[in-house]
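Okay, so here's the structure we're looking at.
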Amino acid sequence: MAEFVSNPLTVTLRAPGEPYERADLEFHGVDHSRASYEARLFINDPDAGPDTPTTDESYAGSFWIFGHGGCAGDEGHCEPPRERRPFDFRPEHQLTPVSKRVMITGKLRALVQPGEQFTVRIVPYVRPESAERLPDNLVSDLLHVDRVDLITYQ
Amino acid sequence: MSHLTSMVPFVTGSPSSTSLSTRRYRKSVTALTTGDLDAFRTALTTMLGLRDDRGFEYWAGIHGLPLPISCVHGSPLFLPWHRAYLYYFEQHLLDAMPHGTQVSLPWWDWSNQAGVPAAYADAKLTDGKENPLAGSPVTGIPDNQFTNQNVPRVTRTSRSPGPGGPGHGSAGLPSAAQVQAVLALKDFEDFTTQLEDLHNQVHMWVGGTMSEIPVAAFDPLFWAHHAMIDRIWSLWQLAHPGAGVGTVPHDHPLGPFPTLTVAQTLNVTGLGYDYAASTSSSAPG
């Protein structure tokens, strides 16, 4: 039985000083090679963890990763190339990291004053029944994100 | 142009060239008649019995294991690829039935939050036979593709439906309001990103093998879930005519479906089907 070890990440961003009609959090370089999980986003809640409910006032939304489920091939099979060669017309490697977008307009307005810094706590959550069935390497240290952007639109 | 390609109508988003009389209508699983459901189960059972490239094992395996894993996620090709995948699968359902018998994939409207439909949930049918929609064997995957570094070998699909953790309420499935919000998005890249996230949420809600890419498509519920996703894309296309598929080249091939490109997935009626709330037929006399 595997134990799900959450490895939440916290990033610091700044809300715009000007009014906005829409606010998105964009997550780039998201790894999806292992178990499926939900990434829950909490604003200004540095202690949020897998037991923090999504009814909590700080909860701003989630994105879901439909995980690749580990590597079925030989060594190196699941390592995306660092760069694509010219004239390589094959499809992208299955495990090329993905980008996700979560709209947080209402929560950002409610929880963060214009121009203020704020934190986003990203908490990965694996369903217990999945954590029990899957090997350790698929459910531990799940969350890998290269960059988080706040994009607002007027 | 290959011989096979020439057999498939080329669709660019214009009204369908498909004959109305031969169009298949995909319906909600809760709107299927007893006859519809019997035909669907019969076709699926026939496919389950085939061990060649007409069979369920072969088509379920295209999405995940055995290698190569061919599904496309996290990309603007997510919707075109899965539309092509369902199209090919549905063609083999039709092949499994006597000539002229209509059968089509039903959709599971998870946004009504009623959970797994009874047609897919009940292990046994009223005659005591096994319900082929409740689960399927997971076969055709070589032992060496279970490496102890990936999902464990299973011999049969499983589900563990339920809310995805604390705070998501008793349902835990995307709501009708969430679907409407996604349908209101105007940009394709925005739409497909948000719709794929709802799709991922449902895979996780079903749990078990449905939550694992390598074996998800072996669950018959996979096909009803993806018919719902395809239906939402179709509804979005009707609501946003001309919105297209963003930066995706229309001539992009959709491997491993050799006769289809992105362009040919842009109009469901050009592929010979549509989504209907209900159908009723009668011959005069």
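Kindly establish whether A:His144 is within 13 Å of another protein chain (Cβ to nearest Cβ), outside any strand (DSSP E or B) and in contact (Cβ under 8 Å) with a residue 12 or more places away in the chain. No.
Answer yes or no: is there a residue in the range B:108-127 that is touching a strand residue (DSSP E or B) at 6+ places or on another chain (Cβ under 6 Å) and in contact (Cβ under 8 Å) with a residue 24 or more places away in the chain. Yes, the range B:108-127 has at least one match. A single entry from A:Thr96, A:Thr105 fulfils the requirement of being within 10 Å of another protein chain (Cβ to nearest Cβ), among the hydroxyl-bearing types (Ser, Thr, Tyr) and either more than 30 Å from A:Cys71 (Cβ to Cβ) or surrounded by 13 or more Cβ atoms within 10 Å (Cβ to Cβ) (or both): A:Thr96. Scanning the range B:237-256 for any residue that is in contact with a helix residue (DSSP H, G or I) (Cβ under 7 Å, 6 or more places away or on another chain) and either among the basic types (Lys, Arg) or assigned to a helix (DSSP H, G or I) (or both) turns up at least one such residue. Does A:Glu116 satisfy being more than 14 Å from chain B (Cβ to nearest Cβ) and at pLDDT 90 or above? Criteria met by A:Glu116.
Selection of the range A:33-74 for residues being more than 16 Å from A:Leu108 (Cβ to Cβ), polar (S, T, N, Q) and more than 7 Å from every other protein chain (Cβ to nearest Cβ) yields A:Ser33, A:Thr52. Of the residues making up the range B:169-182, not a single one is surrounded by 15 or more Cβ atoms within 10 Å (Cβ to Cβ) and touching a strand residue (DSSP E or B) at 6+ places or on another chain (Cβ under 9 Å). Just checking, how many residues over the range B:78-101 are within 14 Å of chain A (Cβ to nearest Cβ) and assigned to a loop (DSSP other than H, G, I, E, B)? Qualifying residue count for the region: 0. When B:Ala177 is tested against (1) more than 7 Å from every other protein chain (Cβ to nearest Cβ); (2) touching a residue at least 24 places away in the same chain (Cβ under 8 Å), only condition (2) is not met. A single entry from B:Ser70, B:Ser75, B:Ser104 fulfils the requirement of being in contact (Cβ under 8 Å) with a residue 60 or more places away in the chain, within 14 Å of chain A (Cβ to nearest Cβ) and of a type in the set (S, T, N, Q): B:Ser70.
For the structure I just gave you, tell me whether A:Pro91 is assigned to a loop (DSSP other than H, G, I, E, B), in contact with a His (Cβ under 9 Å, 6 or more places away or on another chain) and either closer than 19 Å to B:Ile213 by Cβ or within 11 Å of another protein chain (Cβ to nearest Cβ) (or both). Outline the logic, then answer.
On the way: assigned to a loop (DSSP other than H, G, I, E, B): yes; in contact with a His (Cβ under 9 Å, 6 or more places away or on another chain): no; either closer than 19 Å to B:Ile213 by Cβ or within 11 Å of another protein chain (Cβ to nearest Cβ) (or both): yes.
Answer is no for this residue.
The values are calculated or read from the model by the stated rules, or taken from the named source; none is laboratory data. Predicted, not measured: the structure shown is a model, and the values here were computed from it. As a convention, Cβ positions derive from the backbone with ideal geometry for all residues, glycine included, and neighbour counts pool all protein chains shown.
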